[in-house]
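Input: a single structure, listed below in structure tokens.
The values are calculated or read from the model by the stated rules, or taken from the named source; none is laboratory data. Computed from a predicted structure; not experimentally measured. Every residue, glycine as well, gets a Cβ built from its backbone with ideal geometry; the counts of neighbours run over all protein chains shown.
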């Protein structure tokens with residue numbers, strides 16, 4: 001399964017294995033640290049989504065927020081984001097990076113832009 005976000009599957013980049021497919025349950029978010037990047041991975045209706053794991057407002061843990069369909073609410077101050085595109089729900093401004101994410105042989109992989 002491949003979910004496209006900012007990067008198309010054909011663009012240069014590197015895939016990083018971050019965990020097991022079973023680590024992220026339905027309607028759950030899990031935080032992964034990859035190098036200096038904190039990434040929140042969510043599963044909604046069987047599909048994986050990956051966004052910046054740090055809230056643009058004051059650095060809250062996005063993965064620990066409540067998920068309602070494709071809207072996650074930061075647990076610290078209630079800022080809300082669309083996990084499909086990283087947009088703030090209120091302003092419609094893109095505030096979180098999004099990442100391609102896929103499952104291969106029971107592992108979750110996130111694609112990072114080429115350095």
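Condition first: closer than 15 Å to residue 40 by Cβ and either in contact (Cβ under 8 Å) with a residue 40 or more places away in the chain or surrounded by fewer than 16 Cβ atoms within 10 Å (Cβ to Cβ) (or both). Now tell me which residues in the range 87-108 satisfy that.
Residues satisfying the conditions are 96, 97, 98, 99, 100, 101, 108.
Restricting the search to the range 12-57, which residues are closer than 19 Å to residue 96 by Cβ, surrounded by fewer than 12 Cβ atoms within 10 Å (Cβ to Cβ) and at pLDDT below 95?
35, 36
Looking at this structure, is residue 56 on the phi < 0 side of the Ramachandran plot, outside any strand (DSSP E or B) and under 12 Å from the mean Cα position of the chain (by Cα)? Talk me through it step by step, then tell me what you get.
Working: on the phi < 0 side of the Ramachandran plot: yes; outside any strand (DSSP E or B): yes; under 12 Å from the mean Cα position of the chain (by Cα): no.
In short, no.
Only residues in the range 65-85 that are on the phi > 0 side of the Ramachandran plot and surrounded by fewer than 20 Cβ atoms within 10 Å (Cβ to Cβ) count as the first member; pair them with residues that are at pLDDT 95 or above and not in a loop (DSSP other than H, G, I, E, B), Cβ under 8 angstrom, at least 6 apart or cross-chain, and list the lot.
69/44
Is one or more of the residues making up the range 73-84 at pLDDT 95 or above, under 11 Å from the mean Cα position of the chain (by Cα), under 15 Å from residue 94 (Cα atoms) and not in a strand (DSSP E or B)? Give the steps one after another, and end with the answer.
Of all residues in the range 73-84, those at pLDDT 95 or above come to 73-84.
Checking which are under 11 Å from the mean Cα position of the chain (by Cα) leaves us with 81-84.
Now restrict to residues that are under 15 Å from residue 94 (Cα atoms): 81-84.
From the residues that got through so far, the ones that are not in a strand (DSSP E or B) too are 83-84.
Scanning the range 73-84 turns up at least one residue that is at pLDDT 95 or above, under 11 Å from the mean Cα position of the chain (by Cα), under 15 Å from residue 94 (Cα atoms) and not in a strand (DSSP E or B).
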